[in-house]
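The values are calculated or read from the model by the stated rules, or taken from the named source; none is laboratory data. Here the structure is a predicted model, which means the values were calculated and not measured. As a convention, Cβ positions derive from the backbone with ideal geometry for all residues, glycine included, and neighbour counts pool all protein chains shown.
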Amino acid sequence: MMNMKLYNTLTRTIEEFKPIQEKHVGMYTCGPTVYAYPQIGNWRAFVSEDLLRRTFEYLGYTVTHVMNITDVGHLTGDNLGDADLGEDRMEKAAKKEGKTAWDIAKFYTNDFIHSRELLHIEAPQVLPKATDHIAEQISLVQALFERGLAYKTDKAVYFDVAKFPAYGKLGGQKLIDKRVATRDELVEDDQKHHPFDFALWKLSPTDGPRRQMEWESPWGVGFPGWHIECSAMSMKYLGETFDIHAGGVDHIAIHHANEIAQSEGATGKPFANYWVHIAFLTVDGGRMGKSLGNAYTVQDVITKGFDPLVLRYFYLTGHYRKQLNFTWDALQAAAAALTNLREITWRSQQEKERTVLSEEKLALIDGFRKQFIEALSEDLNIPQALAVVWEVAKSNIPGIDKADLIKEFDAVLGLGLADWHPESFEIPNAVNQLVVERTSVRDEKDWAQADILRKQIQALGFDVQDSATGPIVKKL
Ligand SMILES: [Zn+2]
């Protein structure tokens with residue numbers, strides 16, 4: 001059996017994975033802040049983490065996966081740096097939508113769970129909410145006080161980075177230097193000792209409207225800083241030292257650096273042994289952002305007529321440590337490939353009889369399995385693993401055995417290939433005509449007209465997907 005190798009941001013090398021408990025993985029992944037729909041860049045990280053979990057499960061490990069729900073304390077300025085600046089995202093969304101912060105949290109948590117299911121991301125065993133773990137966060141801050149790593153000002157309780165020499169070890173000194181260059185001006189609290197000191201507990205403002213989410217604490221009424229929840233909840237459910245902590249690359253310099261400082265500062269023990277970070281998703285070759293109008297959501301993908309699993313297939317085409325570029329054309333290509341793979345798998349499993357496999361065919365199957373595991377073991381090379389699946393699909397392995405092998409591999413890919421079957425239905429003439437028309441305008445690369453025709457097809461209760469062998473019509 002191959003040993004899993006993973007790139008560890010902590011050591012900046014690819015290491016052989018050694019679990020704390022034999023054949024078990026404790027994994028914590030940073031979850032969504034439930035104030036808006038996650039965009040497809042966030043989902044790339046969540047799907048990649050799911051692929052990592054499924055890989056371990058395929059390799060015979062049990063995985064305890066904990067993912068948090070951030071439903072308080074994540075300020076609009078937090079992603080900019082250590083600044084603890086800006087409005088609370090939850091309360092800001094509540095104002096905008098005319099709801100309470102609690103309703104906002106509930107709505108977007110439910111949406112997250114629903115979209116997670118659509119993308120076939122396995123449910124974490126524990127999905128703790130920050131607001132359900134206020135006591136744990138307070139006692140962690142108390143532990144930091146006891147160790148002399150925290151101090152209080154009139155506005156907040158801070159972590160004292162100068163007292164923790166290993167601060168920033170995750171990102172390397174370069175990232176810290178970069179932050180010095182850009183962060184100097186962002187000091188909201190002049191009682192702060194160092195600009196990198198970050199809030200563990202924020203005191204509610206005494207002037208202005210009351211916050212909707214606030215709690216009593218030994219330091220006064222307020223709410224937890226964003227980072228402390230991940231330390232408190234990961235250690236509660238996985239222990240003070242656990243195997244893997246994962247998240248997007250945007251978390252390395254600040255959020256994860258702060259998590260390490262708080263956790264190791266409080267316990268004096270290593271926090272997570274392996275840090276796995278997922279690269280960005282770009283859109284049309286550039287940055288994705290709400291202000292750019294291209295921060296697409298799962299719902300946008302569905303509205304455009306795509307099965308959400310097409311998005312999942314698209315994610316499989318890029319290695320998690322490399323940027324992946326999203327375009328609607330690339331998604332179209334993923335749709336065609338997925339349709340093709342579904343049909344091959346379905347057709348293969350329709351065969352009535354199982355052929356007795358020759359030695360040669362058995363060796364072929366074993367060879368594919370070995371290549372598949374090798375690809376996964378090499379720092380989760382999913383595009384390579386997907387290429388192996390395609391080799392199987394195109395091979396001369398007899399029907400049912402081919403379908404079985406593809407379905408076995410799909411335990412990792414999560415494309416639901418075992419469940420798919422073409423629905424038998426009659427295509428009305430009107431729909432057929434539109435499909436033919438659409439094919440001809442597509443041949444002329446008149447995408448706008450093709451889009452209009454597709455909408456007309458959808459209005460009649462059908463949809464069309466393009467595959468290598470031509471258009472495929474489906475009932476909506
Ligand atoms: Zn986190």
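On the given criteria, is residue 388 under 20 Å from residue 317 (Cβ atoms) and not charged (D, E, K, R)? Judged against the criteria, residue 388 is a match. The set of residues in the range 222-276 that are touching a strand residue (DSSP E or B) at 6+ places or on another chain (Cβ under 7 Å) and charged (D, E, K, R) comprises 229, 243. So, of the residues in the range 38-95 that are acidic (Asp, Glu) and modelled with pLDDT of 85 or more, which turns out to be nearest to residue 279 (Cα to Cα)? Ranking the qualifying residues of the range 38-95, first place goes to 49. Could you check residue 8 against (1) at pLDDT below 95; (2) among the polar types (S, T, N, Q); (3) under 30 Å from residue 311 (Cβ atoms) and say which number it fails? Status for residue 8: all satisfied but (1).
Consider the range 331-352 and keep the residues that are in contact with a helix residue (DSSP H, G or I) (Cβ under 8 Å, 6 or more places away or on another chain) and exposed (fewer than 14 other Cβ atoms within 10 Å of the Cβ). The one that is nearest to residue 390 (Cα to Cα) is 347.
Identify all residues within the range 258-287 that are of a type in the set (Gly, Ala, Ser) and within 25 Å of residue 50 (Cβ to Cβ); write none if there are none. Scanning the range 258-287 gives 263, 272, 279. Contact map, the range 402-430: first residue at positive phi, second residue part of a helix (DSSP H, G or I) and at pLDDT 85 or above, Cβ cut-off under 7 Å, separation 6 or more or different chains; pairs are 414/50; 414/54; 414/312; 416/309.
Here residue 254 passes the criteria (1) of a type in the set (Val, Ile, Thr); (2) modelled with pLDDT under 95; (3) surrounded by fewer than 21 Cβ atoms within 10 Å (Cβ to Cβ); (4) closer than 19 Å to residue 150 by Cα except the one numbered (3). When restricted to residues that are under 30 Å from residue 276 (Cα atoms) and touching a Lys or Arg at 6+ places or on another chain (Cβ under 8 Å), the range 380-407 contains 2. Highlighted here are the helices (runs of 4 or more DSSP H) found entirely within the range 209-326 that include at least 2 residues which are touching a residue at least 12 places away in the same chain (Cβ under 8 Å), over 16 Å from the mean Cα position of the chain (by Cα) and within 16 Å of the ligand (Cβ to nearest atom): 228-238, 257-267.
Residue count for the range 187-199, restricted to those that are under 13 Å from residue 157 (Cβ atoms) and away from the ligand (no atom under 14 Å from the Cβ): 6. If you take the residues in the range 28-72 that are assigned to a strand (DSSP E or B) and within 13 Å of the ligand (Cβ to nearest atom), which one is surrounded by the most Cβ atoms within 10 Å (Cβ to Cβ)? By that ranking, first place goes to 28.
Scanning the range 444-455 for residues that are farther than 18 Å from residue 331 by Cα and either crowded, with 16+ Cβ neighbours inside 10 Å or at pLDDT below 90 (or both) yields 444, 453.
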